[in-house]
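This report refers to the structure that appears directly beneath it.
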Amino acid sequence: MSPTDEPGATAPAEELATWLVDQLVARGTSEVVLCPGSRNAPLAFALAADARVRLHTRIDERTAAFLALGLAKASRRPVAVVTTSGTAAANLHPAVLEAAHAGVRLVAVTADRPARLRGTGANQTTDQVRLFGDAATFADLDRPDDVALAAALDGPVARGGPAHLDVRLDDPLVPRGAARAGVPAGEVDPHDDGPRRHPWGREDEGVLLPTGPRTVVVAGDDAGPPARVLAQEAGWPLLAEPSSGSRTGTHAIRTYRLLLGTALGERVERVVVHGHPTLSRPVARLLGRVDVEVVSVPATGRWPARPFPVAAEHAAVRAEPDDPAWLEEWRTADRELSARIDDFVARRPGLTPYDVAQVVDRGNPPGGLLVVGASNPIRDLDLMAGAHPVGERRMVLANRGLAGIDGTLSTAIGAALARDRSTRATAYVGDVTFLHDMTALVLGPDEVRPDLTVVVANDDGGSIFATLEQGAPAHADRFEKLFGTPHGVDLGALCAATRTPHWRVHDRSELEHALSSPNGGIEVVEAVVRRDDRRELDEAIRALAH
Ligand SMILES: Cc1ncc(C[n+]2csc(CCOP(=O)(O)OP(=O)(O)O)c2C)c(N)n1
Ligand SMILES: [Mg+2]
C-alpha cells in the first residue's frame, strides 16, 4: 500500500501537483496562468517542469483569471489559472462568474492548507470549499483522485463553464529532487489549435419553421454562424450584436437597434433568437412583446433559461425561403438610416465616440481579432459596424456573460495570445474600463507579449450613464459624483510606468493613422472624446430614425 492509499493520508504535494498538471494537459489544456505564492509552489514547479504547458505569470489574481478567460475564449480549450490560498483565490471570482454565464472553460486551481489547518487561524487560511458557490463545479483534492477530478471537469467543463479545483497541499512545498526530469514537449504542441469545441456545432439539421409570420433573427453574444445561415436561407433580417459571431453576410441590419423603434419594428411577428442578447433595450422590448412569438435556440452559459417568454425551443432551426419583400423593407430602411448617421457623424465637429467605433471597425482586417469592452464601446460599435463578408475570419469577442467592466484588457491579452495567427489584434474600451484593469499591463520581462493595439475612448468617466435615466437633467447636480466619476488620469503617464507605448489622438485622421500601422507589442491609442454632450448626441442620433 502506498502512503497515498491510506485513508486520511495526504499525498506528498509534489506528487499531487504533478498528477494534476498531467490530468489538465490530458484534457487539452496547454496554456496556464500562474500567480506567485508559497502554498501553490508545488503546482508552480510542476507546471514549469512540463514542457507541454505554456506558462504565463501575473502578480494580480484578478488579472490572471481574466487572462485565462481570454485564452479560453479565443482557443475554445480549457485554460487553468493557479493561485495560492486566501484572498488570492477570492480574486478569481469575477472571471469565474463571467465564465459561468458565458459558458467558458476556465479552470480555477486554488492551493489550500492541509485538512489539519482548515478552520484554524493559520496564515492565509479561509474556507475555500465551494468558494464560488454553484457558479463552478468543484473538486476538493488532497490526493490524486481521478473520480473527483472527472466529476468536476469532464461533463460540466466539456459542455462549457468553469471548474474550481481546491488542492490541499502539505509541506514540503518545494520539489525533493533538485531537478525534476520533466515531461518532454511534443505530446501536445501548445501552439497547435487542436480539437476545439464549438458550442454551436450540432449534427442535427434542426426543426423546420413554417414561413409566413414576419420574422427577424436576433443573434446575441456567441450565437455563431447558425443565426446568419438561418437568416440567409429564409431571407429574414439578421439583428446581430458585434460579438455574436454572425454579423456577416448580406442579411445583417446595421441600424436594427434604432429601426426596432420605428413602424417597421412594430410589424415584427416572430423572432428566432440565438446566443445571449444583452446590448439594447429595443431588443429586450421586442423579445418581451406579447404579440411577438419567440423561438429560442439555447445559448451556452450558466442559466440557459431565457428572461422572456419563449414559445418554442429547438437545438437548431431551419426554414424555407420566405417573402423577400419583408427583408427588402429592412434593407432599404437600414441603407437610408446608415447613410443619415454616417453623414451626421461626419459633419459633427471634433472626434465623436461614433467616429472611434467606425474607425476601429474599419481598422479590423480580415483575420483580425477585436475584443470590445462593455458600456458604450460595444454599443457604439453595434451602431457603426457594417457587416463584413462571410469567411473573412474576423473574431469579435466581448465579456457579455455578466458585462463587467473588469478584466477587459486581460481578456484581450489572453485572446491575442491564444489566437496568435490573427492578422491584427485590437482591444477597444472606455477609459474607466481601461483604468479598472491597468495591472493587465504589468508583464514581467520574460512573459510572451502579444501584438495588441488598445484603443481607449477617453471621455474622462462613464458616459453610458448620461444616456440612461440617471443622466436626466433632474439628477444633474449629483451626476458627476455618483455616476460620471471623472478621474482626470493622465493615461500617457500611466502607460509610461509600464513602458507601454502610448499615443493620444484628437481627430479621425490621427486615429486612422495610429491604427494603420501597429508597431508590434502592446500599445495604447487614446482617443479623446467629449462626455458633456453625450446625452444630446445620442438623442440626435435616435431622432434620425424618425
Ligand atoms: C465590474 C463592474 N463594475 C461596475 C459596472 C457598472 N458600469 C457599467 S458601465 C460603467 C462605466 C464605464 O465607463 P467607460 O469604460 O469609460 O465607458 P463609457 O461609458 O464612458 O463609454 C460602469 C461603472 C460594471 N459593468 N462592471
Ligand atoms: Mg468613459
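The values are calculated or read from the model by the stated rules, or taken from the named source; none is laboratory data. All of these numbers come straight from a predicted model, not from anything done at the bench. Cβ atoms come from the backbone with ideal geometry, glycine included; neighbour counts cover every protein chain shown. We work out accessible area using only protein heavy atoms, side chains counted, and drop any ligands, DNA or RNA first. Shrake-Rupley method; radii C 1.70, N 1.55, O 1.52, S 1.80 Å.
Taking the conditions (1) surrounded by fewer than 17 Cβ atoms within 10 Å (Cβ to Cβ); (2) within 16 Å of ligand 2 (Cβ to nearest atom) in turn, Asp460 satisfies each one other than (1).
Each row is one residue, and each column tells you yes or no for (1) in contact with a Lys or Arg (Cβ under 7 Å, 6 or more places away or on another chain); (2) open to solvent by less than 60 Å² (accessible area, probe 1.4 Å).
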{"position": "Trp236", "(1), (2)": "no, yes"}
{"position": "Leu239", "(1), (2)": "no, yes"}
{"position": "His276", "(1), (2)": "yes, yes"}
{"position": "Val294", "(1), (2)": "no, yes"}
{"position": "Val297", "(1), (2)": "no, yes"}
{"position": "Pro309", "(1), (2)": "no, no"}
{"position": "Ala312", "(1), (2)": "no, yes"}
{"position": "Glu328", "(1), (2)": "no, no"}
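Ile522 passes every criterion in (1) farther than 26 Å from Gly407 by Cβ; (2) away from ligand 2 (no atom under 15 Å from the Cβ) apart from (1).
Residues that are closer than 17 Å to Ser75 by Cα and at pLDDT below 95 are absent from region 425-434. Can you say whether Thr250 is at pLDDT 95 or above, among the polar types (S, T, N, Q), over 19 Å from Leu381 (Cβ atoms) and open to solvent by 20 Å² or more (accessible area, probe 1.4 Å), as far as the supplied structure shows? Considered against the rule, which asks whether it is at pLDDT 95 or above, among the polar types (S, T, N, Q), over 19 Å from Leu381 (Cβ atoms) and open to solvent by 20 Å² or more (accessible area, probe 1.4 Å), Thr250 comes out as yes. When Ala90 is tested against the conditions (1) open to solvent by less than 10 Å² (accessible area, probe 1.4 Å); (2) under 14 Å from Ala135 (Cβ atoms); (3) more than 15 Å from the chain's Cα centre (by Cα); (4) not charged (D, E, K, R), the lone failure is (1).
Out of Leu383, Leu468, Leu452, which single residue is closer than 20 Å to Asp221 by Cβ and more than 12 Å from ligand 2 (Cβ to nearest atom)? Exactly one of Leu383, Leu468, Leu452 is closer than 20 Å to Asp221 by Cβ and more than 12 Å from ligand 2 (Cβ to nearest atom), namely Leu383. Scanning region 105-119 for residues that are open to solvent by 10 Å² or more (accessible area, probe 1.4 Å) and in contact (Cβ under 8 Å) with a residue 60 or more places away in the chain, we see that the one that is nearest to Ala299 (Cα to Cα) is Arg105.
Filtered by the rule that a residue be away from ligand 1 (no atom under 14 Å from the Cβ), open to solvent by less than 10 Å² (accessible area, probe 1.4 Å) and in contact with a helix residue (DSSP H, G or I) (Cβ under 9 Å, 6 or more places away or on another chain), region 368-395 gives Leu369, Leu370, Ala385.
Residue count for region 120-137 under the criterion of being of a type outside the set (A, V, I, L, M, F, W, C) and either touching a residue at least 40 places away in the same chain (Cβ under 8 Å) or over 28 Å from Ala100 (Cα atoms) (or both): the result is 7. When region 444-469 is examined, which residues are found to be without any contact (Cβ under 8 Å) to a residue 60 or more places away in the chain and away from ligand 1 (no atom under 12 Å from the Cβ)? Residues satisfying the conditions are Pro445, Asp446, Glu469.
Return yes or no: is His513 within 19 Å of Leu351 (Cα to Cα), more than 16 Å from ligand 1 (Cβ to nearest atom) and free of Cβ contacts under 8 Å to residues at least 40 places away in the same chain? Against the criterion (within 19 Å of Leu351 (Cα to Cα), more than 16 Å from ligand 1 (Cβ to nearest atom) and free of Cβ contacts under 8 Å to residues at least 40 places away in the same chain), His513 qualifies.
Scanning for something touching a residue at least 60 places away in the same chain (Cβ under 8 Å) and touching a Ser or Thr at 6+ places or on another chain (Cβ under 9 Å), does region 299-306 turn up at least one residue?
Here is the first cut: in region 299-306, the residues touching a residue at least 60 places away in the same chain (Cβ under 8 Å) are 299-303.
Remaining after also requiring touching a Ser or Thr at 6+ places or on another chain (Cβ under 9 Å): none.
Within region 299-306, not a single residue is touching a residue at least 60 places away in the same chain (Cβ under 8 Å) and touching a Ser or Thr at 6+ places or on another chain (Cβ under 9 Å).
Only one of Ala415, Ala427 is under 27 Å from Glu61 (Cα atoms), part of a strand (DSSP E or B) and open to solvent by less than 10 Å² (accessible area, probe 1.4 Å); which? Can you show your working first?
Numbers: Ala415 fails: part of a strand (DSSP E or B).
Unique residue meeting the criteria: Ala427.
Within region 341-368, the set of residues being over 31 Å from the mean Cα position of the chain (by Cα) and more than 24 Å from Arg531 (Cβ to Cβ) is empty.
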